[in-house]
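Following: one structure in structure tokens, then a few remarks.
None of the figures in this text is laboratory data; all of them are computed from the coordinates on show. The model shown is predicted, which means the values in this text are computed figures rather than measured ones. Positions of Cβ are backbone-derived with ideal geometry, glycine not excepted, and every protein chain shown enters the neighbour counts.
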Amino acid sequence: MTKKRIFACMLGGFISACICLLGSQIIFGFPGITWSTVSMTVANRLLLGFVIGISGWQLKHHLHGALLGLILSLTVSISFLPGEPHKFILFTGAGICYGIFIDWLATDMLNAGKKP
């Protein structure tokens, strides 16, 4: 684990949060955005980047990102399940994709630590 990898993954998490917020605005017809939505999304995606950056799991990096994306997205998306199952599916699926993106960005694009 290096500082460069953690920074690269956190950068990927921030980019993912921006894409996530923009995507949710487009998908749901530009509803009013609240501070709680922004803070929850940014915090979750930054946490995802941080956890990917510090993780020592010896998996192929795409699988590594997908698995951590699933686990960390479930911490938020599970709250959507009772009333809004479509949001559960979207947020969880996006978390898997963003996990793959973050690990790919750090490992392949920014050469910040290699996964097996």
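Points to keep in mind about this one:
- Residues located in region 53-70, provided they are of a type outside the set (G, A, S) and surrounded by 14 or more Cβ atoms within 10 Å (Cβ to Cβ): L59, H61, H62, L63, H64, L67, L68, L70
- Index of the failed condition, G113 passing every other in (1) under 18 Å from the mean Cα position of the chain (by Cα); (2) surrounded by 13 or more Cβ atoms within 10 Å (Cβ to Cβ): (1)
- Residue in region 2-17 that is in a loop (DSSP other than H, G, I, E, B), surrounded by 15 or more Cβ atoms within 10 Å (Cβ to Cβ) and polar (S, T, N, Q) present: no
- Looking only at region 20-37, and only at residues there that are among the hydrophobic types (A, V, I, L, M, F, W, C) and in contact (Cβ under 8 Å) with a residue 24 or more places away in the chain, the one that is surrounded by the most Cβ atoms within 10 Å (Cβ to Cβ): C20
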